[in-house]
């Protein structure tokens, strides 16, 4: 049986026995409308909606909520850590190399195929794998179209 995860911030916090505070609720609200946000974006969104809150309070809340599994921290190479509310479904991410847009994509095959190492060896012996992160890299359509338009507009030197 599949259960639908809670979407109400207060319910989410209650389910993992975290204290319900204004900043935590504001963080979860911010991540609902701004998935894949870095800490600075979250801080600004919380200040815009909640009011004065310290940077440390937001970082502490992000850490606590990540540790309790109600938000996910992803770290694409060359970027700041990003946070999202979508957890527990083994989805992956696609990152544009040019504009850094990130989109969620479902796992390619099955529920959790990435959790089985392709080559069992002494390297993985003793590990109980519980999570895999896959990041696909490429160039989004908007960036490709922009590059094509710029190329078409450039005069040929010769």
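The values are calculated or read from the model by the stated rules, or taken from the named source; none is laboratory data. Since this is a predicted model, take the numbers as computed values, not measurements. Glycine gets a Cβ as well: all are built from the backbone with ideal geometry, and neighbour counts include every protein chain shown.
Which one is nearest to residue 75 (Cα to Cα) among residues in region 1-14 that are without any contact (Cβ under 8 Å) to a residue 40 or more places away in the chain and not in a loop (DSSP other than H, G, I, E, B)?
Across region 1-14, the extreme among qualifying residues is 9.
Suppose we filter region 70-84 for residues that are surrounded by 21 or more Cβ atoms within 10 Å (Cβ to Cβ) and either over 8 Å from the mean Cα position of the chain (by Cα) or assigned to a loop (DSSP other than H, G, I, E, B) (or both); how many remain?
2
Search region 127-147 for residues that are in the same structural domain as residue 106 (by TED's automatic domain parsing) and over 15 Å from residue 77 (Cα atoms) and pair each with any residue that is at pLDDT below 85 and surrounded by fewer than 12 Cβ atoms within 10 Å (Cβ to Cβ) when their beta-carbon atoms are under 8 Å apart and the residues are at least 6 apart or on different chains.
As it stands, the answer is 129/116, since those pairs meet every condition given.
Please tell me if residue 87 is closer than 16 Å to residue 75 by Cα, touching a helix residue (DSSP H, G or I) at 6+ places or on another chain (Cβ under 7 Å), at pLDDT 80 or above and surrounded by 11 or more Cβ atoms within 10 Å (Cβ to Cβ).
no
If residue 98 passes every condition in (1) modelled with pLDDT under 95; (2) in contact with a helix residue (DSSP H, G or I) (Cβ under 6 Å, 6 or more places away or on another chain); (3) more than 24 Å from residue 140 (Cα to Cα) but one, which one does it miss?
So the condition that residue 98 fails would be (3).
Please determine whether any residue of region 15-36 is at positive phi, surrounded by 14 or more Cβ atoms within 10 Å (Cβ to Cβ) and either at pLDDT 95 or above or part of a loop (DSSP other than H, G, I, E, B) (or both).
Start the filter on region 15-36 by keeping residues that are at positive phi, which leaves 17, 36.
Add one more test, that the residue is surrounded by 14 or more Cβ atoms within 10 Å (Cβ to Cβ), and what stays is 36.
Restricting the remaining residues to those that are either at pLDDT 95 or above or part of a loop (DSSP other than H, G, I, E, B) (or both) gives 36.
The answer is yes, given that some residue of region 15-36 is at positive phi, surrounded by 14 or more Cβ atoms within 10 Å (Cβ to Cβ) and either at pLDDT 95 or above or part of a loop (DSSP other than H, G, I, E, B) (or both).
Does region 46-64 contain at least one residue that is under 30 Å from residue 140 (Cα atoms), within 14 Å of the chain's Cα centre (by Cα), in a helix (DSSP H, G or I) and not assigned by TED's automatic domain parsing to the domain that holds residue 136? Spell out the reasoning first.
Narrowing region 46-64 to residues under 30 Å from residue 140 (Cα atoms): 46, 62.
Cutting the leftovers down to within 14 Å of the chain's Cα centre (by Cα) gives us 62.
Applying the additional criterion that residues be in a helix (DSSP H, G or I) yields 62.
Going one step further and asking which of them are not assigned by TED's automatic domain parsing to the domain that holds residue 136, we end up with 62.
Taking every residue of region 46-64 in turn, at least one turns out to be under 30 Å from residue 140 (Cα atoms), within 14 Å of the chain's Cα centre (by Cα), in a helix (DSSP H, G or I) and not assigned by TED's automatic domain parsing to the domain that holds residue 136.
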